[in-house]
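J.: Okay, here's the structure, questions in a sec.
The values are calculated or read from the model by the stated rules, or taken from the named source; none is laboratory data. Because the structure is predicted, anything quoted here is derived from the model rather than measured. Cβ coordinates were reconstructed from backbone atoms using ideal geometry, including for glycine residues, and neighbour counts include every protein chain displayed. We work out accessible area using only protein heavy atoms, side chains counted, and drop any ligands, DNA or RNA first. Shrake-Rupley method; radii C 1.70, N 1.55, O 1.52, S 1.80 Å.
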Amino acid sequence: GAVVSQHPSRVICKSGTSVKIECRSLDFQATTMFWYRQFPKQSLMLMATSNEGSKATYEQGVEKDKFLINHASLTLSTLTVTSAHPEDSSFYICSAGIGDEQFFGPGTRLTVL
Amino acid sequence: AQSVAQPEDQVNVAEGNPLTVKCTYSVSGNPYLFWYVQYPNRGLQFLLKYITGDNLVKGSYGFEAEFNKSQTSFHLKKPSALVSDSALYFCAVNWGFQKLVFGTGTRLLVSP
């Protein structure tokens, strides 16, 4: 089956630092990857759609300069949270698309102190 | 606007009893409908999907869902619940494009 990994699984950082989260499709190539954010006991909110070789498409209200997305290859997309603040603490989940389906990574728990 | 509603924040059921988790959608055209399950601190796991064809869709772990176009619903069901089914369930929809719109999620609690 299609497997998507994320690294790291959890990260704790100080306020003001930047954090990079990797999303990899392990056994398939994904031209499109998606980044979601999930607050406790809430649904997934789509942050952006990442397309290989082009700029990401951000959802309304998501700061593109704060959440930098790079999709350099067909198997790797990265999300960098720049100058992180405590309100950025959340669970970040990526997914990779094949046809009409998405396959989700295990998520990354970000805690900003 | 296109949206998905899960009217119940939580569903409680005793082990061995049938369970239903409700989902309705508001959309134009012919949607693709999905159910996912999420265990604590984990990503989403695919359960089943409806694209076209038979309205009753069978999925993983004994779950099934029935697409009802007139009621714009896609309720998740299982004939006999297990304690291990306790998790967070999300209904989602797209329209042939990969971008998914999720419902707010329903927590299923199966008691022994």
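J.: Just one of A:L46, A:L68 is away from chain B (no Cβ under 11 Å), in a strand (DSSP E or B) and without any contact (Cβ under 8 Å) to a residue 60 or more places away in the chain; which is it? Spell out how you get there, then give the answer.
T.: Values: A:L46 fails: away from chain B (no Cβ under 11 Å).
Criteria check complete, one pass: A:L68.
J.: Between B:G53, B:G16, B:G29, which is of a type outside the set (A, V, I, L, M, F, W, C), more than 19 Å from A:F104 (Cβ to Cβ) and modelled with pLDDT of 95 or more? So that I can check it myself, show each step before the final result.
T.: Numbers: B:G53 fails: modelled with pLDDT of 95 or more; B:G29 fails: modelled with pLDDT of 95 or more.
Exactly one of B:G53, B:G16, B:G29 is of a type outside the set (A, V, I, L, M, F, W, C), more than 19 Å from A:F104 (Cβ to Cβ) and modelled with pLDDT of 95 or more, namely B:G16.
J.: If you don't mind, there's one more thing I want to ask. If you scan the range A:80-111, which residues turn out to be open to solvent by less than 10 Å² (accessible area, probe 1.4 Å), more than 14 Å from every other protein chain (Cβ to nearest Cβ) and either touching a helix residue (DSSP H, G or I) at 6+ places or on another chain (Cβ under 6 Å) or within 13 Å of A:A48 (Cα to Cα) (or both)?
T.: A:V81
J.: Any residue in the range A:95-109 that is β-branched (V, I, T), touching a Lys or Arg at 6+ places or on another chain (Cβ under 9 Å) and in a loop (DSSP other than H, G, I, E, B)?
T.: Taking the range A:95-109 as the starting set, the residues that turn out to be β-branched (V, I, T) are A:98, A:108.
Remaining after also requiring touching a Lys or Arg at 6+ places or on another chain (Cβ under 9 Å): A:108.
Still in the list and also in a loop (DSSP other than H, G, I, E, B): none.
Taking every residue of the range A:95-109 in turn, none turns out to be β-branched (V, I, T), touching a Lys or Arg at 6+ places or on another chain (Cβ under 9 Å) and in a loop (DSSP other than H, G, I, E, B).
J.: Looking at B:Q6, B:Q71, can you tell me which residue is within 11 Å of chain A (Cβ to nearest Cβ) and either in contact with a Cys (Cβ under 6 Å, 6 or more places away or on another chain) or without any contact (Cβ under 8 Å) to a residue 60 or more places away in the chain (or both)?
T.: Working: B:Q71 fails: within 11 Å of chain A (Cβ to nearest Cβ).
One residue alone meets the criteria, B:Q6.
J.: A further question on this structure: Would you check if there is a residue in the range A:41-53 being more than 30 Å from B:D9 (Cα to Cα) and open to solvent by 60 Å² or more (accessible area, probe 1.4 Å)? So that I can check it myself, show each step before the final result.
T.: So the first thing to find is which residues in the range A:41-53 are more than 30 Å from B:D9 (Cα to Cα), and the list is A:50-53.
Next, from what is left, pick out any that are open to solvent by 60 Å² or more (accessible area, probe 1.4 Å): A:52-53.
Yes - at least one qualifying residue is present in the range A:41-53.
J.: Being among the acidic types (D, E), closer than 30 Å to B:N30 by Cβ and modelled with pLDDT of 90 or more is true for just one of A:E63, A:E101, A:E59. Which residue is that? Break it down stepwise before answering.
T.: On the way: A:E63 fails: closer than 30 Å to B:N30 by Cβ; A:E101 fails: modelled with pLDDT of 90 or more.
Going through A:E63, A:E101, A:E59 in turn, the sole match is A:E59.
J.: Can you pull out every residue in the range B:74-107 that is within 14 Å of B:T20 (Cβ to Cβ), away from chain A (no Cβ under 14 Å) and either assigned to a strand (DSSP E or B) or of a type in the set (V, I, T) (or both)?
T.: B:F74, B:H75, B:L76, B:K77, B:K78
J.: Please work out which residue is least open to solvent (accessible area, probe 1.4 Å), limiting yourself to the range B:25-51 and to residues that are in contact with a Leu (Cβ under 6 Å, 6 or more places away or on another chain) and within 14 Å of A:D100 (Cα to Cα).
T.: B:W35
J.: Here's another thing I want to ask about it. Scan the range A:1-43 residue by residue and report those that are of a type in the set (V, I, T) and assigned to a strand (DSSP E or B). Outline the logic, then answer.
T.: At the first step, the residues of the range A:1-43 found to be of a type in the set (V, I, T) are A:3-4, A:11-12, A:17, A:19, A:21, A:31-32.
Those that are of a type in the set (V, I, T) and assigned to a strand (DSSP E or B): A:V4, A:V11, A:I12, A:V19, A:I21, A:T32.
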